[in-house]
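Notes to accompany the following structure.
The values are calculated or read from the model by the stated rules, or taken from the named source; none is laboratory data. On a predicted model such as this, the values are computed, not experimentally measured, just so you know. Cβ coordinates were reconstructed from backbone atoms using ideal geometry, including for glycine residues, and neighbour counts include every protein chain displayed. These area figures cover heavy atoms from the full protein model, side chains too; ligands, DNA and RNA do not enter into them. Shrake-Rupley method; radii C 1.70, N 1.55, O 1.52, S 1.80 Å.
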Amino acid sequence: MGKILITGMSGVGKSTALQLLRLRGHRTVDTDTDVWSRWVTTPDGSPDWVWREQAITDLLAGHATGSLFVAGCKTNQGRFYPSFDQVVLLSAPAEVLLARIAARTGNPYGKRPEERDAVLHHLATVEPLLRATATHELDATAPVEIVVRQLEELAGR
């Protein structure tokens, strides 16, 4: 069984996949919380929501049995790639991302025009970097049950 990082743009379905994986008995961690992430100020003065490195290190080092699925998209996640068995990029076109963000109720990010603009900017600038470093890419326009089955296969289940 493996340690799988699920990454991708806002609205791609990381949290939805985690919910189904958890219901199927897997250990899951959504890193978009204060437990796993924190705000920092970058050298240019802009804010950045990054992983709490010691917390992520402890999580990955302490996982010994079964599959662990970790979801997130942070600027410092690449430091942890060697500790994951797979780095999986979920991808979907811009119109799908924006429609999902508009419809979701559990996460307010992406509702404001400037946040939607940021999502589109990240899709153009960040997703290619994720694609270049991922071990696998999954089409997140597929039904979530199919995406989850593919994730389980990558974990060796």
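For R27, list long-range residues whose amide hydrogen, built 1.01 Å from N in the peptide plane, is under 5 Å from its own amide hydrogen.
Under 5 Å from the amide H of R27 lie the amide H atoms of S67, F69, each far enough along the sequence or on another chain.
Given a Förster distance of 30 Å, report the FRET efficiency between E115 and L23 from their Cβ-Cβ distance, rounded to the nearest 0.05. Write down the numbers at each step before the final one.
Details: r = 29 Å, r/R0 = 0.96.
The pair E115/L23 has a calculated efficiency of 0.55.
How much mean residue ellipticity at 222 nm does the chain get from its helices, if each DSSP H run of length 4 or more adds -39500 (n - 2.57) and you divide by all residues, to the nearest 500 deg cm²/dmol?
Values: 6 runs with 62 residues, N = 157.
Taking each H run of at least 4 residues, the total per residue is -11500 deg cm²/dmol.
Apply the a/c threshold of 1.5 to the C-alpha gyration tensor of the chain and tell me whether it is rounded, prolate or oblate. Let's see the in-between values first.
Values: a/c = 1.64, a/b = 1.17, b/c = 1.40.
Oblate, since a/c reaches 1.5 and b/c is not below a/b.
How long is the gain from R79 to E53 if the chain were fully straight, where each residue apart is worth 0.36 nm and the alpha carbon distance is subtracted?
Details: separation 26, 0.36 × 26 = 9.36 nm, distance 0.90 nm.
Length difference between fully extended and current span is 8.5 nm.
Explain nothing, just compute: Karplus ³J(HN,Hα) = 6.51 cos²θ - 1.76 cosθ + 1.60, θ = phi - 60°, for every residue of the range 7-18 in order, whole Hz, x for Gly and Pro.
For the range 7-18, the Karplus-derived couplings read 10, x, 6, 4, x, 6, x, 4, 5, 5, 4, 4 Hz, x marking Gly and Pro.
Which ³J(HN,Hα) values in Hz, rounded to whole numbers, follow from the phi angles of the range 85-94 under the Karplus curve 6.51 cos²θ - 1.76 cosθ + 1.60, where θ = phi - 60° and Gly and Pro get x?
Ordered by residue, 3J(HN,Hα) equals 7, 9, 10, 10, 8, 8, 9, 7, x, 3 Hz.
Which distance in nm do the two modelled labels at S46 and A61 give, with both placed 7 Å along the Cα-to-Cβ direction?
Output for this residue pair reads 3.2 nm.
Below 8 Å between Cα atoms, with a sequence gap of 6+, how large is the relative contact order for the range 47-157 in percent?
Working: 66 pairs, mean separation 34.7, N = 111.
The value is 31 percent.
In the range 112-157, carbon and sulfur make up what percent of the accessible area (probe 1.4 Å)? Could the numbers behind the result be given before it?
Working: 1560 of 2770 Å².
So the carbon and sulfur contribution to the accessible surface is 56 percent.
Based on the mean of other beta carbon atoms within 10 Å per residue, what is the order of 10-16, 27-33, most packed first?
10-16, 27-33
Solvent-accessible area per residue for the range 56-142 at a 1.4 Å probe radius, Å²?
Details: 4490 Å² over 87 residues.
Here the residues of the range 56-142 average 52 Å² of exposed surface.
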